[in-house]
Ligand SMILES: [Mn+2]
């Protein structure tokens, strides 16, 4: 049986305020081409289908269009991640079941009951030719969903009990696989993952069932194999953080229930995120021209402020995604060194020029000097 493992689609996610639906469309198309070429029997999406609990209609439309395409001639299974609303994800489960699509938000999957797919509490079984995939499903275990049990046990005990309950579907002769959205200790993180930690607690890899021939994980956006376990994070479809320069991929898992081989298949569509230093507006513009196929964050490392006109030129560039000013402490040091030896009049003229791109006229300068003198506080550095 061939299983294609992917996760963290984050459909609808913005980058510095800009939508990326076009890129998500392209990379999901590529995923379908890979599934066809590799003759995948099952596609597992290990959570974070959408970026928010209430995705926009355009994000939902993109998901359903690709879900239908990806499930043609095979099974598509998508579980809820910490970004998804599990109830919303599984709302169309009856419709999904008719299309070889399984939308897992937790609970009992008895709604899946066909010649090839049957379900029960925490699991589905999928028949492919003469093989049976026993698929334990562990959507993101939020305390809100598992709340009533939270008093008696630690979070890790609750998660372990959920996984054990799902893994009760495993059989000696079957292909036993877990699909889970979890934040395991020891896994690589990007700055973005850290920020999202708030709702995703760490658990030990010891919660993973030993009887699973493979565990398809979601949550970490860089591809990562969990040491000592047949468990992997496929990583996200696209980079979502300028700290994440990892190559994007999906995992092709070939298994007969005993022997398992895992191979990474690279994803090539969707733009890379790059962070570049610039010391002048000209350098920033040059970088943005050279990196036209990427999303670029410019770290501006000069003590000379950019003018409004220069900012406009930079923002116009297709590759421009974000601009980081100097860190605050060096910014203050820079300001002090700019001031040194200059009169208030000179400083104001310099500031005015930096903001407007033109020289201040005499009246404006005089008005500023009057206001400064009239403040009665005495201007000190
Ligand atoms: Mn995610």
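Rule-based calculations on the coordinates, nothing more; no lab input. Quick caveat, the model's predicted, so the values are computed rather than measured. We place every Cβ from the backbone using ideal geometry, glycine too, and count neighbours over all the protein chains shown.
Annotation: the residues 109, 64, 300, sorted from fewest to most other C-beta atoms within 10 Å of their own C-beta, follow the order 64, 300, 109. Note on the chain: GNM, Cα springs under 10 Å; of 34, 43, 102, the largest mean-square fluctuation is that of 34.
With respect to the chain, whose longest principal axis is taken over its alpha-carbon atoms, helix 281-290 is tilted by about 30°. Its relative contact order, with pairs defined as Cα atoms under 8 Å and 6+ residues apart, puts the chain at 13 percent.
Once the C-beta distance of residue 292 and residue 168 is scaled by a Förster radius of 56 Å, the resulting FRET efficiency is 0.60 to the nearest 0.05. Please figure out what share of the DSSP beta bridges in the chain is antiparallel and state it in percent, rounded to the nearest 5. If I count the DSSP bridges inside the chain, around 40 percent turn out antiparallel.
Listing 169, 99 from fewest to most neighbouring C-beta atoms within 10 Å gives 99, 169. When the square roots of the Cα gyration tensor eigenvalues are ordered a ≥ b ≥ c, the ratio a/c for the range 2-266 is under 1.5, which makes its shape rounded. Using a Gaussian network model of the chain whose springs link C-alpha atoms within less than 10 Å, name the residue from 213, 250, 299 with the highest mean-square fluctuation. Comparing 213, 250, 299 in a Gaussian network model of the chain, the most mobile one is 299.
By the helix-only formula, in which each DSSP H run with n ≥ 4 contributes -39500 (n - 2.57) and the sum is divided by residues, the chain has a 222 nm mean residue ellipticity of -9000 deg cm²/dmol. Comparing mean-square fluctuations of 174, 228, 119 from a GNM of the chain with C-alpha springs under 10 Å, the top value falls on 228. Over all alpha-carbon pairs in the range 1-97, figure out the percentage whose distance exceeds 16 Å. When every Cα pair of the range 1-97 is considered, 54 percent fall beyond 16 Å.
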